1. For T164 and E52, calculate 0.36 nm times their separation in residues minus their Cα-Cα distance, and state this gained length in nm to one decimal.
2. Take the alpha-carbon centre of segment 160-201, take the same for segment 241-257, and report the distance between them in whole Å.
3. How would you rank D221, D123, going from fewest to most other Cβ atoms within 10 Å of each one's own Cβ?
4. I need the shape label for segment 37-108. Rule: rounded when a/c is under 1.5, else prolate if a/b > b/c, else oblate, with a, b, c from the alpha carbon gyration tensor.
5. Can you give me the Cα centroid spacing of segment 112-146 and segment 62-108 in angstrom?
6. Between K98 and D69, what length in nm is gained on full extension when 0.36 nm per residue of separation is reduced by their alpha carbon distance?
7. Please give the length that would be gained between H252 and R150 if that part of the chain were fully extended, namely 0.36 nm times their separation in residues minus their C-alpha to C-alpha distance (nm, one decimal).
8. Based on the alpha-carbon gyration tensor of segment 147-287 and its eigenvalue square roots a ≥ b ≥ c, which shape applies: rounded if a/c is under 1.5, prolate if not and a/b is larger than b/c, or oblate?
Amino acid sequence: MLHAYWAQLMRTFVRSQLGIMVFALGLCSASSLFINAYASEAYGAAPSNIKEHLDRLVLAYPNTIDRHDGKFLFMKNGTRFPISDNKTNKTFDELLAKPDIDDMFYVPYPAGSEPAQPARNSDPGRVRFEPLFVAMYGDCTKHEAVKNLRTIKWLPKHVGGSVTITRINGVDKALEAVSRELDELPNDLIKYLKPIAGTYNCRAIAGTNNKSMHAYAAAIDINSKFSNYWRWSSGSKRAPIWRNQIPIQIVHIFERHGFIWGGYWYHYDTMHFEYRPELLPSKGSAG
Ligand SMILES: [Zn+2]
């Protein structure tokens, strides 16, 4: 009787140990799958159509960029920047913090497409090779960017006030053209556009050391009341849940004049538009 009891106890013990082992093995392989999924995210390789992107980059800034030869980007003032740092194993954080020129094109900007939850870490335009933008617009911490500011009227038909924006690369003229078109929109869309939340601001992007496009006076935030921002998302910091209230008609108008929209980013900022014509289909092209 006692023997049977011990035998039963041993069987139960072995079974439960086996259960724990199987469970632990399962947990290990699940977590290694999880780790592998993140480890396989290596950034830094140039996209296969990099030449096309570089051609477009030169065309986008005819006043400041002279040419490229595939290895270097030559500025009109004589400085040159290497296209690649030859690193192809960057983490996403490294891609953002220290990109080279080809990294700026790591994902295509979905111009004109229906807004929707972007793919993981798809932030077209959010990766910027800072020395290029400083060379074009000036370093705001040295009071260079401020010299190029111009004040323009914003939505004059709707008394939108005025905004200051850079003159470099004709961003002021582009924003005036945007304002003229927005001014013709139906009244129910005007609430998204005024009061604006800001243009020039010599600051780094929240949580980083990188300069925001606002530091170059080449970006505008429309009415913050209807804005959604990934850092305020109900999801986690690693997996923000995408939200947007900005109507697509507004996005189309900005894009027509060289501005990209922060609503197409995984790390979204839906009130944000910045002048990045190199990411948009060039004017007159089929795209
Ligand atoms: Zn902004």
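Read-outs throughout are calculated quantities, based only on the coordinates presented, and are distinct from any laboratory measurement. Since this is a predicted model, take the numbers as computed values, not measurements. So basically every Cβ, Gly included, is an ideal-geometry build from the backbone, and we count neighbours across all protein chains shown.
1. Contour length minus the Cα-Cα distance gives 37.1 nm.
2. So the separation of the two Cα centres works out to 14 Å.
3. D221, D123
4. prolate
5. The two parts, judged by their Cα centres, are 13 Å apart.
6. 8.2 nm
7. 34.3 nm
8. rounded
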